[in-house]
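See structure below.
The values are calculated or read from the model by the stated rules, or taken from the named source; none is laboratory data. Since we're looking at a predicted model, the values are computed, not measured. Ideal geometry is used to build each Cβ from the backbone, glycine not excepted, and the neighbour counts take in all protein chains shown.
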Amino acid sequence: MATFLEKWVEEQARLTKPDKIYWCDGSDEEARKIVEIGLTRERIEDYNVFHKLSQKTFPSSYLHRSHPTDVARAEHLTYVCHSDKKTAGPNNNWMPPAQAKEKLTKLSDGCMRGRTMYVLPYMMGHPESPYAKACVQLTDVSYVAVSMRIMTRVGKGVIQKIKKTDNFVRGFHSVGDFHQDRRFIMHFPDENLVWSIGSGYGGNALLGKKCFSLRIASWLGLKENWLAEHMIIIGVEDPQGKITYIAAAMPSACGKTNLAMMEPALPGYKVWTVGDDIAWLNIGPDGRLWAINPENGFFGVASGTSMKTNPNMIRTLKAGKFYPTIFTNTALNTDTNDPWWEGLDGEIPSNLVDWRGREWNPSLGTKAAHPNSRFTVAISQCPTVSPEFNNPDGVPISAILLGGRRTNLIPLVYESFNWQHGVFTGGGIGSETTAAAIHKVGVLRRDPMAMLPFCGYNMGDYFRHWLNIGKRLAHPPKIFAVNWFRTDGEGNFLWPGFGENIRVLKWIIERINNKIGAKETPIGFVPNPKDLELDGINIPQENLEKLFEVNIEDWGEEIKDIQKFFEQFGKRMPEEIWKEFKNFKELK
Ligand code: SAT
Ligand code: MN
C-alpha cells in the first residue's frame, strides 16, 4: 500500500504534471549531477542556471541569477491561513484556507510541465534530537533542490523515519511562471503544509527556512510549549575558557550572521557559532532554556561581507569542503571569474558585470551586486562552528538579546528588569526596514523579537506565550536590548560594531554572573561607564555619552507608536504587557 507521502507526491504530480519525478537522496554525487544540468541552461526563465566560478578562489562555488523581480522575500504575498482570521492576527495576511487552496490549485495546474519535480526528504535539526522535525519539500527548481541540501539535512533516512505516518511537514514549491501577480507563499498551520508558487528566492522558496522553521514551527511551539525564534545562537568563550550561550534576535540584514561568527576584538575571547538565523528553544528538564539550530547552512547577505566585517564568513566561503556553495545575485569579475559585491576587500575590479549580467562600472551610479545578494554555504565549513552544533540536546541559553536597526533613540545595550519587562521591551522594538524584503528600505516599523514577518499566528497570543514560557522556566535567561546602529546625527555610526561588539557581550556576561552593577533608567539597566571594557579602542567621550543616552523626552513619539502597535491586538494583548507599558509611561 502506498504511504501517505507517496500518495501526496502522486497527487501533486497529477495536478502539476511534471515531465519527471526525482526522489533526492541528498548525496554529493546527486548534487553534482543537478548542478551539471544547470550549467547547460542559459535562459534565466529556466530558473535552473548555474555559472561555475573560479575554483581556485572559491572552490565548489557557483553563481545563480534570479529573475530581476524576484530578489527578496515577498511579505505582501505571504499568507497564514488559519481557519479563523483572528488566530492569524493583524500581523499576517489571511485568506480562508478553502479559498486559498482553490486559488493555489488553479495556479498549480500543469505548472511543472516540461520540468522535473524534485522530492526532498529532510530534517530540521539533528536527526537524533528530540526537538528535530521531519519534512518533505517538492520543487521544480534545481537551484532550490541544491540549496535545500546545503541548508537542511536532506537524506533518504527521513523517509524511513516518517514511514507510514503523516507526521511530517509538507512543502510544495513551484516557480510557476514566476510572475508577481501569480506569486503566493501560503501557510496552512493546522495541516503542517506550506504551498509556495511564483518565486525562487530564498525565504519564499527554501521552505524549511522561514516558512516552516518559523511560521509553522512558531504555531507548533505554541501548542507544544516551546519557541521558534528568528535568533542566532552563539557560545562566547572568555579568557578562562568558560562558555556562555546567548541567543540574539535581529531583523533580516541587521548583522546577525556577522555576530554569529564574530572575531572578537578583545584578546582571549572566542565566539562559537551554533546558528546564524533560527533557534528552536525548549524548556529543559533542568528548568533552563535549551536551543538548537534547526538549519545546516547559512543563507547570508553577501553585500558588505569582508575580511574586516566578517573574516570567518570569507573563510567559510572559500573552504570548498561541502558541495556546493552558491552565490545569488552578486556581481561577477569577468577577468578572474570571481563573485564580487560592494564592501568586499580590495579595489573595485575593472571588468565587472552586475547582478543581472550587464556590463557595469561605478560611473553608472547603480550597485553592481544586488543589496540583498546572498550566499548559501554549509555550516560545517565555518571555522568557528561550535562543537555543540550537532548536540541533540542543544545548548543552554543564559541571555537573550533583542535588537533592531535604529539610527537614533535606542542605546547600544540595556538590560530588562525581568522576563516580563523583557517581553514588553522586545514586543515594542522598532527597526528600520532593509533590502531583505520587497518594500521601501529605511522605514521604521515595529518588529517584535524580529518576528513580525515570521510569527505564524496572532502576535498578542505570541506575547502571552512568551510570558508563559518565562513562568515555566526555573532559570530564565536575562533579556537585553541591543542596537549597533545609533548615529551622531550626521549619519556616522557611534559604535564601530563587528568584532568590537564583544565588549557589549562581555558586559552582558558580567551582568549575568552578577559581577557588576548598572545604572537604572526608565527603560532598563544601562552600563556604568567604568564597566564597559574600552581598552584598545578610541571612542570620543561625547560619542559614548550619546550611545547610552536615555533622553526620556525623546521617547514620547516612540511610546505613542508602541501603544498604537499593541492596540491592534485588542483583547489578545496580555494585561501584563499593558501593565509594563503603564509603568513605563508613568516613569516617563
Ligand atoms: O529570505 S530569508 O528569509 O531566507 C533571509 C532573511 O530575510 O532573513
Ligand atoms: Mn533571517
Qualifying positions in segment 31-74 - surrounded by fewer than 19 Cβ atoms within 10 Å (Cβ to Cβ), of a type outside the set (V, I, T) and modelled with pLDDT of 90 or more: R32, K33, E36, L39, H51, K52, S54, Q55, K56, P59, H67, P68
Selection from segment 304-319 of residues that are surrounded by 22 or more Cβ atoms within 10 Å (Cβ to Cβ) and assigned to a loop (DSSP other than H, G, I, E, B): T305, N310
Given (1) surrounded by fewer than 16 Cβ atoms within 10 Å (Cβ to Cβ); (2) part of a loop (DSSP other than H, G, I, E, B); (3) of a type outside the set (F, W, Y); (4) within 16 Å of ligand 1 (Cβ to nearest atom), number of the condition H475 does not satisfy: (4)
Contacts under 6 angstrom Cβ, first residue in segment 309-332 being outside the structural domain of L259 (by TED's automatic domain parsing), partner of a type in the set (D, E) and in a loop (DSSP other than H, G, I, E, B), 6 or more apart: P311/E263; A331/D354
Scan of segment 228-248 for residues that are surrounded by 24 or more Cβ atoms within 10 Å (Cβ to Cβ) and either within 13 Å of ligand 2 (Cβ to nearest atom) or more than 24 Å from L444 (Cα to Cα) (or both), ordered by number: A228, E229, H230, M231, I232, I233, I234, I246, A248
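Okay, residues lined up against (1) at pLDDT 95 or above; (2) surrounded by 13 or more Cβ atoms within 10 Å (Cβ to Cβ):
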{"site": "W507", "(1), (2)": "yes, yes"}
{"site": "I512", "(1), (2)": "yes, yes"}
{"site": "E520", "(1), (2)": "yes, no"}
{"site": "P527", "(1), (2)": "yes, yes"}
{"site": "E533", "(1), (2)": "yes, yes"}
{"site": "N551", "(1), (2)": "no, no"}
Enumeration of residues in segment 364-414 that are away from ligand 2 (no atom under 16 Å from the Cβ), farther than 24 Å from A132 by Cα and not in a loop (DSSP other than H, G, I, E, B): L364, V413, Y414
Test set (1) more than 16 Å from ligand 2 (Cβ to nearest atom); (2) outside any loop (DSSP other than H, G, I, E, B); (3) under 24 Å from G275 (Cβ atoms); (4) within 21 Å of the chain's Cα centre (by Cα) - K161 fails condition number: (4)
Residue in segment 75-93 that is surrounded by the most Cβ atoms within 10 Å (Cβ to Cβ), counting only those that are outside any loop (DSSP other than H, G, I, E, B) and touching a His at 6+ places or on another chain (Cβ under 9 Å): V80
Failed item in (1) within 25 Å of L444 (Cβ to Cβ); (2) in a loop (DSSP other than H, G, I, E, B), with G300 passing the rest: (2)
From the options P267, P251, residue that is in the same structural domain as P453 (by TED's automatic domain parsing), within 15 Å of ligand 2 (Cβ to nearest atom) and not aromatic (F, W, Y): P251
